[in-house]
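The values are calculated or read from the model by the stated rules, or taken from the named source; none is laboratory data. Every value quoted in this text rests on a predicted model; they were computed, and no experiment measured them. Note that we place each Cβ from the backbone using ideal geometry, even for glycine, and neighbour counts take in every protein chain shown. Please note that ligands, DNA and RNA were not included when accessible areas were found on the heavy atoms of the full protein model with its side chains. Shrake-Rupley method; radii C 1.70, N 1.55, O 1.52, S 1.80 Å.
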Amino acid sequence: MPEIRNFTLNFGPVHPAAHGVLRLVLEMDGEVIQRADPHIGLLHRGTEKLAESKPYNQSIGYMDRLDYVSMMCNEHGYVLALEKMLNIEAPIRAQYIRVMFDEITRILNHLLWIGAHALDVGAMTMFLYAFREREDLMDVYEAVSGARLHATYYRPGGVYRDLPDVMPQYEKSRWNSDADIKRLNANRGGTVLDFLDDFTARFLGYVDEYETLLTDNRIWKQRLVDVGIVSPERALQLGLTGAMLRGSGVEWDLRRKQPYEVYDKLDFDIPVGVNGDSYDRYLVRIEEMRQSNKIIKQCVDWLGKNPGPVILDDYKVAPPPRASMKSDMEALIHHFKLSTEGYCLPEGEAYAAVEHPKGEFGCYIVSDGANKPYRLKIRAPGFAHMSAMDELTKGHMLADVVTIIGTMDIVFGEVDR
Amino acid sequence: MGNSTSPMIEALQAEISSSLEDKVQNSTIAFNELTVEVSAENLVDVAMQLRDTHGFDQLIDLCAVDYLSYGESEWDADVSGFSRGVKNKDDLFNFDAKPDKDASSDIEAGRRYAVVIHLLSVKNNKRLRLKIFCDDNDMPMMDSVHSVWNVANWFEREAFDLFGIIFVNHPDLRRILTDYGFVGHPFRKDFPLIGQVEMRYDEALKRVVYEPVSIEPRVLVPRVIRASEGTRDVTEADD
């Protein structure tokens with residue numbers, strides 16, 4: 001009788017379903033996975049070490065590039081840690097703006113996730129649907145920060161600037177006729193908030209469209225139901241957070257349990273799964289999009305009624321308004337000192353975490369009193385999720401690996417840092 | 001945010017000091033967060049106890065810190081501004097000419113490497129920071145907590161890769177983030193930011209070659225330590 005041995009299969013690092021640069025060494029018995037050994041680090045840029053050589057504010061931009069599909073949430077975690085150590089609090093309007101953008105980011109993240117996940121599993125159309133809505137939200141990003149992805153919008157003590165009064169409009173071009181322009185600009189006549197208001201009214205219908213395509217889809221269910229089951233006990237042991245934890249039935253959401261900013265004033269629900277499989281996690285994330293939509297709507301209403309400052313009036317940490325820099329010597333000096341040397345944090349250490357779309361994103365800062373962090377540790381949810389890969393895939397078929405990578409919502413920018 | 005210490009944190013501190021007794025070397029509350037320092041030999045015991053009796057069911061993060069150059073600044077800044085004493089410092093603008101420091105000559109034994117563990121209790125909604133200093137500065141070692149919280153596996157691999165901390169009883173202590181065949185531990189403070197080697201494709205050899213880095217290290221913004229707001233003296237009248 002011939003000897004049958006396991007064989008090793010290399011999955012990635014450039015595989016379309018590997019969500020970036022994942023090299024997965026799979027030990028297979030036929031088509032069944034015996035052991036999965038993810039090799040990560042192909043996108044390691046040493047963000048934490050780079051941050052040690054820069055004044056605090058210069059690292060905000062690096063945070064965008066960690067999980068590059070939920071940019072502002074990363075910034076939020078970092079900025080919260082800074083604020084904790086500086087013992088400052090952003091003005092209330094800035095807190096609402098941050099919460100609104102966190103939820104916009106959550107929808108952006110989940111849209112990309114569902115598009116990519118469905119594409120991996122075989123549902124091509126979802127990707128096109130998801131990107132249609134992402135476009136609107138990225139326009140909001142652009143309107144407020146000038147960048148569609150890497151916003152660098154949050155600052156310790158608030159946000160860089162207030163929401164603009166007008167929503168940018170499409171201009172006539174070779175590709176768009178007058179009729180197209182009119183249609184595209186139909187909801188862009190007012191402010192950014194009006195545009196978002198219109199978006200929140202439309203978005204629930206879009207989520208229903210996604211559900212029509214997927215939730216009862218036979219193929220979708222065959223690929224997701226009972227794949228990658230995690231029990232609540234194992235989920236805690238494996239360090240899963242966010243939708244990965246809630247999918248297993250653990251009701252844990254930092255926005256509720258350890259509220260930051262104004263989450264305790266807002267009305268929203270935390271969806272929780274039952275079986276802990278990929279399908280439940282899909283349902284959890286779909287519902288999270290609806291809840292995020294609800295939060296955005298509440299923020300839009302509040303922000304429309306309550307003007308006010310969006311950054312702290314403390315020139316030791318936040319630069320003075322540009323206009324005063326032109327006429328006031330004191331303001332000029334403050335601006336100069338802040339943009340060259342930056343500010344010093346008191347000696348000590350602090351950890352601040354936010355409920356990132358993927359899980360708990362936290363920043364641990366050790367300061368020795370200097371204008372640069374002594375040590376910055378970024379706790380990325382994807383890193384812990386990726387380490388559970390072996391346990392989740394064991395005993396599944398090769399095709400299920402793709403489902404499990406998809407359901408973990410892996411982005412290598414944050415796994416590798 | 002309110003950084004005043006909440007009574008809940010104080011209660012947790014009391015609860016932990018009374019149950020861990022002399023295993024706690026030090027416990028402090030700062031920024032409304034509790035940090036408990038334990039020794040490396042007690043770590044696994046303490047971890048078990050924290051998980052089973054105090055409900056810390058999740059390890060959120062594990063990372064290492066290298067305290068080699070803690071508190072060193074590249075530019076003296078006394079309370080009234082930068083030092084202008086150019087004369088008595090020959091190399092004011094050469095930030096890279098650091099005194100050749102023997103890895104552990106300047107720093108107290110057992111105080112160079114620390115491992116910091118962030119714990120979360122989903123059950124009780126509490127957080128705790130554990131800090132463990134490694135006894136040996138030249139070969140930092142400590143026990144793995146992988147058996148207590150399985151998630152520690154990769155976090156410990158990361159700390160090993162970046163700081164060279166050896167976790168005893170770890171099931172699979174390999175490098176994780178750096179390249180295959182990488183030499184050194186890049187997050188140590190004596191590892192230069194620009195690295196040791198650079199890589200290029202050699203047309204003659206028809207393969208990738210590694211060479212010592214050719215770019216000059218430079219400091220764009222010097223590291224400055226200033227007295228914090230509360231202790232700042234008002235000496236602006238001097239100018």
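For region A:42-50, indicate whether the set of residues that are on the phi < 0 side of the Ramachandran plot and away from chain B (no Cβ under 13 Å) is non-empty.
Filtering region A:42-50 for residues on the phi < 0 side of the Ramachandran plot gives A:42-45, A:47-50.
Filter once more, so that each one left must be away from chain B (no Cβ under 13 Å): none.
No, because not a single residue in region A:42-50 is on the phi < 0 side of the Ramachandran plot and away from chain B (no Cβ under 13 Å).
State all residues of region A:120-131 that are assigned to a helix (DSSP H, G or I) and touching a residue at least 60 places away in the same chain (Cβ under 8 Å); if no residue qualifies, say none.
Within region A:120-131, A:Asp120, A:Val121, A:Thr125, A:Met126, A:Tyr129, A:Ala130 qualify.
Does region A:190-206 contain at least one residue that is β-branched (Val, Ile, Thr), surrounded by 14 or more Cβ atoms within 10 Å (Cβ to Cβ) and assigned to a loop (DSSP other than H, G, I, E, B)?
Among the residues of region A:190-206, at least one is β-branched (Val, Ile, Thr), surrounded by 14 or more Cβ atoms within 10 Å (Cβ to Cβ) and assigned to a loop (DSSP other than H, G, I, E, B), which makes the answer yes.
Being in a loop (DSSP other than H, G, I, E, B), more than 13 Å from chain B (Cβ to nearest Cβ) and without any contact (Cβ under 8 Å) to a residue 40 or more places away in the chain, is that true of even one residue in region A:322-343?
So far as region A:322-343 goes, yes, one or more of its residues are in a loop (DSSP other than H, G, I, E, B), more than 13 Å from chain B (Cβ to nearest Cβ) and without any contact (Cβ under 8 Å) to a residue 40 or more places away in the chain.
So A:Ala370 clears everything in (1) modelled with pLDDT of 90 or more; (2) under 19 Å from B:Phe187 (Cα atoms) except one condition, right? Which one?
(1)
Please determine whether any residue of region A:312-322 is touching a strand residue (DSSP E or B) at 6+ places or on another chain (Cβ under 9 Å) and open to solvent by less than 30 Å² (accessible area, probe 1.4 Å).
Yes, the conditions are met somewhere in region A:312-322.
Restricting the search to region A:158-214, which residues are among the hydroxyl-bearing types (Ser, Thr, Tyr) and more than 22 Å from the chain's Cα centre (by Cα)?
Initially, region A:158-214 is screened for residues among the hydroxyl-bearing types (Ser, Thr, Tyr), giving A:160, A:170, A:173, A:177, A:191, A:200, A:206, A:210, A:212.
Scanning region A:158-214 gives A:Tyr170, A:Ser173, A:Ser177, A:Thr191, A:Thr212.
Tell me, which residue of region A:134-173 that is small (Gly, Ala, Ser) and closer than 21 Å to A:Gln58 by Cβ is surrounded by the most Cβ atoms within 10 Å (Cβ to Cβ)?
The selected residue is A:Gly158.
Per-residue answers, yes or no, for (1) more than 27 Å from B:Arg223 (Cα to Cα); (2) at pLDDT below 90; (3) among the aromatic types (Phe, Trp, Tyr):
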site	(1), (2), (3)
A:Thr340	no, yes, no
A:Glu349	no, no, no
A:Glu355	yes, no, no
A:Glu360	yes, no, no
A:Ile365	no, no, no
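Scan region A:90-111 and give yes if some residue there is within 14 Å of chain B (Cβ to nearest Cβ) and either free of Cβ contacts under 8 Å to residues at least 60 places away in the same chain or outside any helix (DSSP H, G or I) (or both), otherwise no.
Within region A:90-111, one or more residues are within 14 Å of chain B (Cβ to nearest Cβ) and either free of Cβ contacts under 8 Å to residues at least 60 places away in the same chain or outside any helix (DSSP H, G or I) (or both).
Given the criteria modelled with pLDDT of 90 or more, at the interface with chain A (Cβ under 10 Å from one of its Cβ atoms) and crowded, with 20+ Cβ neighbours inside 10 Å, does B:Val115 qualify?
No: the conditions fail for B:Val115.
Name the strands (runs of 3 or more DSSP E) wholly within region B:157-222 that hold at least 1 residues that are among the basic types (Lys, Arg)?
Working: elements: B:166-168, B:197-202, B:207-212.
Correct list: B:197-202, B:207-212.
Are there any strands (runs of 3 or more DSSP E) wholly within region B:1-79 with 1 or more residues that are in contact with a helix residue (DSSP H, G or I) (Cβ under 9 Å, 6 or more places away or on another chain) and open to solvent by 40 Å² or more (accessible area, probe 1.4 Å), and if so which?
Correct list: B:24-30.
Just to be sure before I move on: is A:Tyr351 within 11 Å of another protein chain (Cβ to nearest Cβ), within 19 Å of the chain's Cα centre (by Cα) and aromatic (Phe, Trp, Tyr) in the structure I sent?
Answer is yes for this residue.
Within region A:36-87, restricting attention to residues that are hydroxyl-bearing (Ser, Thr, Tyr) and touching a helix residue (DSSP H, G or I) at 6+ places or on another chain (Cβ under 7 Å), which residue is most open to solvent (accessible area, probe 1.4 Å)?
A:Tyr68
Within region A:355-391, work out how many residues are under 22 Å from A:Ile114 (Cα atoms) and open to solvent by 10 Å² or more (accessible area, probe 1.4 Å). Show your work before the answer.
Filtering region A:355-391 for residues under 22 Å from A:Ile114 (Cα atoms) gives A:355-361, A:380-389.
Checking the rest, the ones that are also open to solvent by 10 Å² or more (accessible area, probe 1.4 Å) come to A:387.
Looking only at that region, the number is 1.
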